[in-house]
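Okay, so here's the structure we're looking at.
Derivation of every value follows stated rules applied to the coordinates shown; laboratory data play no part. As the structure is a prediction and not an experimental result, all values here were calculated from the model. Cβ sites come from the backbone with ideal geometry, for glycine too, and all protein chains shown count toward neighbours.
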Amino acid sequence: MKKILVFLLSVLTFSAQAAESAEGGEFSPGEMITHHIGDDYVWEFAHGVVLPLPVILYGENGLDIFSSSNFYDEHGGLRPYKGYVAEHGHIYYANEEGEPRMVQGEDGELKAVGPMDFSITKNVASMFLSVILLFAVFLTIAGRYKKTRGRAPYGVQSFFEPIIIFIRDEIGKANIGPKYERYMPYLLTIFFFIWFNNLLGLMPGGANLTGNIAVTLVLALLTLLITVFSGNKSYWGHIFATPGVPRWLAPIMIPVELIGILTKPFSLMVRLFANITAGHIIILSLFSLIFIFKSVAIGPVSVAFATFMNFLELFVALLQAYIFTLLSAMYFGGAVEEHEHHDEAHAH
Amino acid sequence: MELVTPALGLLFWQVVTFLVVLFLLSKFAWKPIMGALREREESIDSALTMAEKAKLEMQSLKADNERLLNEARAERERILKEATDAANHLVESARAKASEEGARMVEQARLSIENEKKAALTEVKNLAATLSIDIAEKLIRRELQDEQAQRALVQSYLQDAQLS
């Protein structure tokens, strides 16, 4: 058993090494990792298995939609197309030489300029895939509930039901209170959206969607908006006239409290982004060791560590989804909570 | 810096997709799921409450039955006692009546015997008188068949008359 495992690991690392060396050139782990956790115009499932994705641009030439395969020649090299050129994960306007057009910015530095880029990138495609999965799973479950009203759950329904009940009881009810019902759709959606995308990101060739700042920014922003718009009198009262704090401290307290409103979703954004990206970086770094040391011996060690990390990441995928949902629920709870012990607070 | 700079395209797609997902899942998944869960929980809850109530009802029913049984038992005791009493009373009164009747009948019999006796005695007396008269007649007739005897008799009567 052990021998087979070692053999398997060696074969895996051999093939990986072979693939990498075939590409030629010096191996740069930093570049490789940045490339893997970043976005791309194509979806590379494995070396050579590439799915070109649609590019959607809006700029000085109006709306342009074409396949990203137009940017690549037969040898996999880059080439300009329709006056655009793709470089380092960005699309710029091409100049006469087929290079990104540089324009002097306000600060005097030369900057490449490009059109507004609404392309279906690897991350967007991965998100669409997760959305299809979400719909497939939860519409099926909803159908089951309609079909077997009041009966015991079965199949995929019994897998997700405890999770849904956990989110409702332990996250929603426990943190928001009696008004939890209003927030359940959002909480359930972010939990499963984050969890599914975290898991998809762990798949070989998967995109690093939840480790992308744009995605976590949108999620955190939604939490912020819901918190602010559901804030009741006592919530705003605590911000603009914190109970138990002398009046003359208000000029300090109000800015602090207002910053507090923003730091909460900011921490949500950074936490999810950093955790998922860090996990990807660690796993990729462990694999990079093989190529840095150029040794077969390091292969099994690297793979063992990476396997361990992958299991840890499976846990982190769930944990981060839970934390994001839990903290969102706590912020909502704070916004709708009725404070009835102001006098008590004064007494302290 | 690249890593922490949100890309416009992804921002746009994320906002659009997430809002669509949120809307569609809320409408077609979470609403029916949460509704069904709540419904099931309520039905389980009400079933348990009903079971508890039924248990209590059973207990009270049992107590009721016990009480009814006891009452019935007491009633039976009472009826039996009453019946015995009535029977005893009936027997007693019958006995009294019978003895009274007996006494009355005995008295009646005695009276009628007395009457009969009296009547019989009277008859006997009458008969005896008649018989005596007859005997006396016959005797007298025989005695007075001859002159002599008649004279003697008259003589005796006369003598008696003289004496008195």
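Data table
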| item | result |
| --- | --- |
| Per-peptide average of other Cβ atoms within 10 Å, ordering A:207-216, A:103-112 highest first | A:207-216, A:103-112 |
| Extreme residue, positive dipole direction of region B:10-163, given options B:L127, B:L68, B:S43 (C-beta unit charges) | B:S43 |
| Convex hull volume per residue in cubic angstrom - Cα atoms of region A:123-347 | 168 |
| Neighbour-count ranking [beta-carbon atoms within 10 angstrom, fewest first] of A:L312, B:L48 | B:L48, A:L312 |
| Peptides ranked, highest mean first, by Cβ atoms within 10 Å: ranges B:80-93, A:171-184 | A:171-184, B:80-93 |
| Reduced Cα scattering model of region A:54-119, Debye log10 I(q)/I(0), q = 0.15, 0.19, 0.20, 0.25 Å⁻¹ | -0.46, -0.71, -0.78, -1.12 |
| Qualifying aspartates and glutamates (Cα of each under 16 Å from Cα of B:K117; at least 8 residues distant if same chain) | B:E107 |
| Length released on extending from B:V4 to B:A149, taking residue separation times 0.36 nm less the Cα-Cα span | 32.5 nm |
| Spatially proximal lysines relative to B:K53 (Cα-Cα < 20 Å; intrachain offsets below 8 disregarded) | B:K62 |
| Förster radius 60 Å - calculated FRET efficiency between B:D64 and B:V16, Cβ distance, rounded to 0.05 | 0.30 |
| Taking the C-alpha atoms of region B:44-96, convex hull volume expressed per residue in Å³ | 35 |
| Violating pairs (Cα-Cα greater than 19 angstrom) within the set A:K146/B:K27; A:K147/A:K173; A:K146/B:K31; A:K179/A:K233; A:K147/B:K31 | A:K147/A:K173 |
| Chain A: relative contact order as a whole-number percent, Cα under 8 Å and 6+ apart | 20 |
| B:A161/B:L139 FRET efficiency (R0 22 Å; Cβ-Cβ; nearest 0.05) | 0.60 |
| Most fluctuating residue given options A:L63, A:L133, A:L284, as computed from a GNM of chain A linking Cα atoms under 10 Å | A:L63 |
| Span-rule helices in chain A, defined as complete DSSP H runs reaching 20 Å or more along the axis (Cα) with Kyte mean at least 1.6 | A:213-230, A:250-293 |
| Diffusion constant of region A:233-311 at 37 °C, which comes from Stokes-Einstein with the Kirkwood Cα-pair radius and 0.692 mPa s, µm²/s | 200 |
| Mean projected area in nm² (Cα convex hull; one quarter of hull surface) for region A:21-167 | 14.9 |
| Debye intensity ratio I(q)/I(0), log10, region B:10-163, q values 0.16, 0.17 Å⁻¹ (C-alpha model) | -1.09, -1.13 |
| Averaged over A:136-149, number of beta-carbon atoms from partner chains that fall within 10 Å | 4 |
| Charged-residue dipole, Cβ positions (Lys, Arg, Asp, Glu), chain A about Cα centre, Debye nearest 20 | 1720 |
| Peptide A:159-166, shielding by other chains (average Cβ, 10 Å cutoff) | 2 |
| Distance between modelled label sites at B:E77 and A:E87, nm, 7 Å Cα→Cβ extension | 11.3 |
| Estimated 222 nm signal from helices in chain B, with DSSP H stretches of n ≥ 4 weighted -39500 (n - 2.57), rounded to 500 | -34000 deg cm²/dmol |
| Hits among aspartates and glutamates - C-alpha to C-alpha of A:K294 under 20 Å, sequence gap 8 or more where chains match | A:E20, A:E23, A:E26, A:E31 |
| Scattering profile of the protein assembly as shown at q = 0.06, 0.08, 0.13 Å⁻¹ [log10 I(q)/I(0), Debye over alpha-carbon scatterers] | -0.53, -0.76, -1.33 |
| Summed residue charge, Cβ within 11 Å of A:M184's Cβ, Lys/Arg positive, Asp/Glu negative | +4 |
| Ranked list, fewest to most other Cβ atoms within 10 Å of each Cβ, for A:D39, A:D64, A:D169 | A:D169, A:D64, A:D39 |
| Highest to lowest packing among A:313-321, A:40-48, scored as the average C-beta count within 10 Å | A:313-321, A:40-48 |
